[in-house]
Amino acid sequence: MVDESKSELIYNGMVQSIRSSNENGIYCIEIQGATSSFELDIKEKSRSFKNADMTYDALVGKILKDYSVSSFVHVN
């Protein structure tokens, strides 16, 4: 059982692989991950947006809706 009040987030992204091993009686776990924006980097995509009145928030929202895991925070 995990006591969530004592847990701490140490990674936020996608897990790509997990490997466990026992080396001389010591258990090891190796986790390979990628950032949440990984999907944005793996395939080049070109788009045109003709609405000159579209805000940056709307533009970024339209781009990110094509990806399974995405978020956007607008900071002034």
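Values in this text are rule-based calculations from the coordinates and carry no lab data. Note that this is a predicted model, so its numbers are computed, not measured. Neighbour counts are summed over all protein chains in view; Cβ atoms, including those assigned to glycine, are modelled from backbone coordinates with ideal geometry.
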Worksheet item: Hey, what number do you get for the chain at 222 nm if only DSSP H runs of n ≥ 4 count, each worth -39500 (n - 2.57), divided across all residues, to the nearest 500?
Response: -4500 deg cm²/dmol
Discussion item. At R0 = 25 Å, how high is the FRET efficiency between ASP66 and TYR11 if r is their beta carbon distance? Nearest 0.05 is fine.
Written reply: 0.55
Worksheet item: Between TYR56 and ALA34, what length comes free when the chain is fully extended (0.36 nm per residue of separation minus the Cα-Cα distance, one decimal in nm)?
Response: 5.3 nm
Worksheet item: Calculated from the structure, Kirkwood radius over Cα pairs in Å equals which of (1) 12.6; (2) 16.5; (3) 14.9?
Response: (2)
Fill in: Cross-link partners of LYS50 among lysines (Cα-Cα below 26 Å; sequence separation of 8 or more within a chain)
LYS62, LYS65
Worksheet, complete the sentence: Given unit charges at Cβ for Lys, Arg (+) and Asp, Glu (-), the dipole magnitude of the chain about its Cα centre in debye, nearest 20, is 420
Response to the item:
Computed over the chain, the relative contact order (Cα-Cα under 8 Å, seq sep at least six) in percent reads 22
Worksheet, complete the sentence: Checking ASP41, ASP66, ASP53 against a Gaussian network model of the chain (alpha-carbon springs below 10 Å), the top fluctuating residue turns out to be ASP53
